[in-house]
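First up is the structure itself, then whatever we jot down about it.
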Amino acid sequence: MLDSVLTHYQSNVMPIANAILNSHLNNPFDPCLVMEGSALLPEVVSTLDTERVTSIWLTLADDVLCNRIYDESRYDQRVKEDKVLIDQFCKRAVAFSRWLSGAAVACGFTLVDATSSEPKSILSSLLEESN
């Protein structure tokens, strides 16, 4: 299943993200661009002009990620069949998150644990990385 997610991101999402990133990189009057999303694959971002691009990856502990999925889906109010689908989605989300974190580390990017970090701490990490 992870292969199908990656294929989808690479063929459908990354062309759009690349167009936005390249437009920003080619515009000297555009001082800042923040993009986020799990579809921004480290292997693609690593090929960008690193003097003008700073990349960090926000991570969550597996249990926090699943708890958010369960809370937002109102898991406790669902019938058994729905819970099975939500459980499968949670497993896929955890597997993808682990893969993405490993890929980011392999590309030399900074991981920021958003599980316990306050937004100011995350921003500070980003600013430190960009200097």
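The values are calculated or read from the model by the stated rules, or taken from the named source; none is laboratory data. The shown structure was predicted, so the numbers you read here are calculated from the model rather than taken from an experiment. Cβ: placed from backbone, ideal geometry, glycine included. Neighbour counts: every protein chain shown.
The set of residues in the stretch 1-58 that are part of a helix (DSSP H, G or I) and hydroxyl-bearing (Ser, Thr, Tyr) comprises SER4, THR7, TYR9, SER11, SER23. Here PHE89 does not fit the description of being buried (at least 16 other Cβ atoms within 10 Å of the Cβ) and either outside any helix (DSSP H, G or I) or of a type in the set (Phe, Trp, Tyr) (or both).
Filter the stretch 39-72 down to the residues that are among the polar types (S, T, N, Q) and surrounded by 14 or more Cβ atoms within 10 Å (Cβ to Cβ), then identify the one that is farthest from ALA19 (Cα to Cα).
ASN67
Only residues that are in contact with a His (Cβ under 7 Å, 6 or more places away or on another chain) and touching a residue at least 40 places away in the same chain (Cβ under 8 Å) were counted across the stretch 15-60, and they come to 0.
Of everything listed in (1) modelled with pLDDT of 95 or more; (2) surrounded by 15 or more Cβ atoms within 10 Å (Cβ to Cβ); (3) closer than 27 Å to THR7 by Cβ; (4) of a type outside the set (Lys, Arg), the single unmet condition for TYR75 is (3). Within the stretch 48-72, restricting attention to residues that are under 17 Å from the mean Cα position of the chain (by Cα) and polar (S, T, N, Q), which residue is modelled with the lowest pLDDT? Only one residue fits best here, namely THR54.
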